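Have a look at the structure below, then the notes.
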Amino acid sequence: MLFLRPTVSLSKQLARDIRWEKEVTKSIEALEIEIDALQEKLATSKKRAENHEANIMDHAVKRRRTIDYGGKRRVSMRIMQNRRNAVIFLYPLVEDLQQRNEVLCLQADTIL
């Protein structure tokens, strides 16, 4: 009986080690599966981000594009509207117009 005790304790320790190794192996496999899933998510996120950037660039290019039709150059509607709504003030001319209006108003007041 004395000789069997070390053998039994060794076999118990070996069984514990084997169980521990199996648990560690299972957890490693689960982690590998999780890493693969995260890498797939990362790849799809990168593709989505690239597509999003490409769409933004495409949209920006389309809104500012000039089109050539047979030598005739057309400007986008956005630029045409901006040009229509633009008001250019040349300061010396504005001052002259204001002075003329003041003179005309004074003359009109004196006539009445």
Subject >> Long-range tail of P(r) for the range 1-59 (Cα pairs > 13 Å, %) >> reply: 75
Original post:
Straight-line reach from K62: which lysines have a Cα under 21 Å away, not including same-chain ones fewer than 8 places off?
Top reply: K72
**OP:** Under a cut-off of 30 Å between alpha-carbon atoms, report the lysines in cross-link reach of K22, not counting same-chain residues fewer than 8 places apart.
**Re:** K12, K41
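Taken together, the values in this text are just the output of simple stated rules run on the coordinates, not laboratory data. Treat the numbers as computed from the prediction; the structure is a model and nothing was measured.
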